[in-house]
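The structure appears below as structure tokens.
The values are calculated or read from the model by the stated rules, or taken from the named source; none is laboratory data. Note that this is a predicted model, so its numbers are computed, not measured. Cβ placement follows ideal geometry from the backbone for every residue including glycine, while neighbour counts extend to all protein chains displayed.
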Amino acid sequence: ELKVEQNPLFLSMQEGKNYTIYCNYSTTSDRLYWYRQDPGKSLESLFVLLSNGAVKQEGRLMASLDTKARLSTLHITAAVHDLSATYFCAVGPTGANNLFFGTGTRLTVIP
Amino acid sequence: DTEVTQTPKHLVMGMTNKKSLKCEQHMGHRAMYWYKQKAKKPPELMFVYSYEKLSINESVPSRFSPECPNSSLLNLHLHALQPEDSALYLCASTLGLAVYNEQFFGPGTRLTVL
């Protein structure tokens, strides 16, 4: 059974600080997605990572993928309050069409 | 038009009711998905349709019945639900079933079963 684990599950950080969220998965995959979800809202696509070594950046967020280690990271630089949300990674097993979501990381940025 | 719409936004129903959730997209996507998300949990895949045909059914109870009348529309018919079925139901679409396609999510329908 495919497992997608994120850590930490909860993250409270001060504005201006840096931190990294980790996403580990248990099967071969050649694509990984990061989503943001605000309370009571739908999922907003942040990054699509399709190859080993892929790195993408948007504003204060940067995502990377290491398919050999089965690991993706979401790095937050100089956090601001607006980044407070739950972040999910989602993994697509090689050759399969469905996605498996990680456990989610609830991020709270404190002023 | 680059969005997925869902109606209704909120739905409260009794265990004997029959209701339907609706999802629509006009992006020319040919694959559509239903997910269920319980509070503080990740989304779980329920069904996948590709070119209006059911492609994946993740062992969902028969009280949930999906329907894809055309390439733009996806319904989820609900009958004899249980209180534990209360959740946020998310619809998503992709260009096709090719594995690299990004999923676009709708705003969801928050369902409460009394």
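For every residue, the table says whether it meets (1) in contact with a helix residue (DSSP H, G or I) (Cβ under 6 Å, 6 or more places away or on another chain); (2) in contact (Cβ under 8 Å) with a residue 40 or more places away in the chain; (3) not in a strand (DSSP E or B).
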site: B:Val12; (1), (2), (3): no, yes, no
site: B:Leu21; (1), (2), (3): no, yes, no
site: B:Lys36; (1), (2), (3): no, yes, no
site: B:Lys40; (1), (2), (3): no, no, yes
site: B:Tyr89; (1), (2), (3): no, yes, no
site: B:Gly96; (1), (2), (3): no, yes, yes
*asked:* Being closer than 21 Å to A:Pro39 by Cβ, crowded, with 17+ Cβ neighbours inside 10 Å, at pLDDT 90 or above and more than 9 Å from chain A (Cβ to nearest Cβ): is that true of B:Tyr89 here?
replied: yes
*From B:Lys40, B:Lys18, B:Lys36, which residue is among the charged types (D, E, K, R) and within 13 Å of B:Val113 (Cα to Cα)?*
B:Lys18
*In the list A:Val80, A:Val91, A:Val48, which residue meets the criterion of being at pLDDT 95 or above and aliphatic (A, V, I, L, M)?*
A:Val80
_Looking at the structure I just gave you, is B:Leu45 buried (at least 19 other Cβ atoms within 10 Å of the Cβ), aliphatic (A, V, I, L, M) and not in a strand (DSSP E or B)?_
no
*Scan region A:17-35 for residues that are surrounded by fewer than 19 Cβ atoms within 10 Å (Cβ to Cβ), more than 9 Å from chain B (Cβ to nearest Cβ) and either assigned to a strand (DSSP E or B) or small (Gly, Ala, Ser) (or both) and jot them down.*
A:Tyr19, A:Thr20, A:Tyr22, A:Asn24, A:Ser26
*region A:41-72, residues that are within 14 Å of another protein chain (Cβ to nearest Cβ) and free of Cβ contacts under 8 Å to residues at least 12 places away in the same chain*: A:Lys41, A:Ser42, A:Glu44, A:Ala54, A:Lys56
_Let me spell it out: the conditions are (1) surrounded by fewer than 17 Cβ atoms within 10 Å (Cβ to Cβ); (2) at negative phi, and A:Gly92 meets all of them except one. Which number is the exception?_
(1)
*State whether the residues of region B:30-53 include one that is more than 13 Å from chain A (Cβ to nearest Cβ), in contact with a Cys (Cβ under 7 Å, 6 or more places away or on another chain) and not polar (S, T, N, Q).*
yes
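Would you pick out the residues in region A:94-111 that are within 9 Å of chain B (Cβ to nearest Cβ) and touching a residue at least 60 places away in the same chain (Cβ under 8 Å)?
A:Thr94, A:Leu99, A:Phe100, A:Phe101, A:Gly102, A:Thr103, A:Gly104, A:Arg106
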